[in-house]
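Engineer: The structure's right below; bear with me while I get my questions together.
The values are calculated or read from the model by the stated rules, or taken from the named source; none is laboratory data. The shown structure was predicted, so the numbers you read here are calculated from the model rather than taken from an experiment. Positions of Cβ are backbone-derived with ideal geometry, glycine not excepted, and every protein chain shown enters the neighbour counts. When the accessible area is computed, the model is the full protein with side chains, heavy atoms only, and any ligands, DNA or RNA have been set aside. Shrake-Rupley method; radii C 1.70, N 1.55, O 1.52, S 1.80 Å.
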Amino acid sequence: MHPWWTEQHAAYFGAIGGSAFGGLGGLIGTLAGIYAPRGRLRRTVLGLMSVSVAVGVIFLIGGVIALIDHQPYAVWYPLLLLGVISTAVLGGLLPMVKSRYREAENRRLDAESLRRG
């Protein structure tokens, strides 16, 4: 068994990847919190969430493969950690954000029907 990377590379991967996903998650949360109730930036917010979940699933699969391949802790742990957190958090919030966009669309349609009389 040859490790995929060293412990130092794992530390960089975890630090940079964790910071990047944390920042991206904060940005997505901010955008969703501000714009979903207004029905704005739907494609951007849902697209960012979907891509983040997909990348999280890829990390998750990579972590499972590393475990099956008997890679050291420094290899499988950062992959699984990033994969589980991004998939669980953003994947879990995706239905709620979609629901907020549906509510905004329904409010818009109701207001439009009231204007028409």
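Engineer: Taking mean projected area of the Cα convex hull in nm² as the quantity of interest, determine which of (1) 6.9; (2) 6.4; (3) 7.4 was computed from the displayed structure.
Structural biologist: (3)
Engineer: Considering only Gly39, Gln71, Ile58, whose Cα is most displaced toward the positive end of the charge dipole of the chain, charges sitting on Cβ of Lys, Arg (+1) and Asp, Glu (-1)?
Structural biologist: Gly39
Engineer: Of all the accessible heavy-atom surface of the chain, with the other protein chains kept in place and a 1.4 Å probe, what percent is carbon and sulfur? Don't skip to the end; give the middle numbers.
Structural biologist: On the way: 5020 of 7570 Å².
Carbon and sulfur together cover 66 percent of it.
Engineer: Using a Gaussian network for the chain with springs between C-alpha atoms less than 10 Å apart, which of these wobbles most: Ala11, Ala54, Ala32?
Structural biologist: Top of the fluctuation ranking is Ala11.
Engineer: Let me ask something additional. Dipole magnitude of the chain about its Cα centre, charges +1 at Lys/Arg Cβ and -1 at Asp/Glu Cβ only, in debye to the nearest 20? Don't skip to the answer; put the middle values down first.
Structural biologist: Details: 11 positive and 6 negative charges, 187 e Å.
So the magnitude is around 900 debye.
Engineer: For Arg108, what accessible area in Å² do you get when you roll a 1.4 Å probe over the heavy atoms of the protein chains, rounding to the nearest 10?
Structural biologist: That residue has around 110 Å² of solvent-accessible surface.
Engineer: Follow-up question, since we're still on this one. Compute the accessible area per residue over the chain, keeping the other protein chains in place, probe 1.4 Å, unit Å².
Structural biologist: Working: 7570 Å² over 117 residues.
Solvent-accessible surface per residue comes out at 65 Å².
Engineer: Counting pairs of Cα atoms in the stretch 8-66, how many percent are more than 18 Å apart? Walk me through the numbers on the way to the answer.
Structural biologist: Working: 762 of 1711 pairs.
For the stretch 8-66, the fraction of Cα-Cα distances above 18 Å is 45 percent.
Engineer: Which order do you get for Glu112, Glu103, Glu7 if you rank them by accessible area with a 1.4 Å probe, largest at the top? Could you put the intermediate results ahead of the total?
Structural biologist: On the way: Glu112 55, Glu103 75, Glu7 145 Å².
Greatest to least solvent exposure: Glu7, Glu103, Glu112.
Engineer: Test of understanding: what is the full-extension gain from Val64 to Tyr12, defined as 0.36 nm times their sequence separation minus their Cα-Cα distance?
Structural biologist: Values: separation 52, 0.36 × 52 = 18.72 nm, distance 2.00 nm.
Contour length minus Cα-Cα distance gives 16.7 nm.
Engineer: Continuing with the same structure: Return the distance in nm (one decimal) between the two label points of a simple spin-label model at Tyr77 and Ala54, each offset 7 Å from Cα along Cα→Cβ.
Structural biologist: That separation, rounded to one decimal, is 3.1 nm.
Engineer: Which value at 222 nm does the chain reach when only helices count, each DSSP H run of 4 or more adding -39,500 (n - 2.57), with the total divided by all residues and rounded to the nearest 500 deg cm²/dmol?
Structural biologist: Values: 3 runs with 100 residues, N = 117.
About -31000 deg cm²/dmol.
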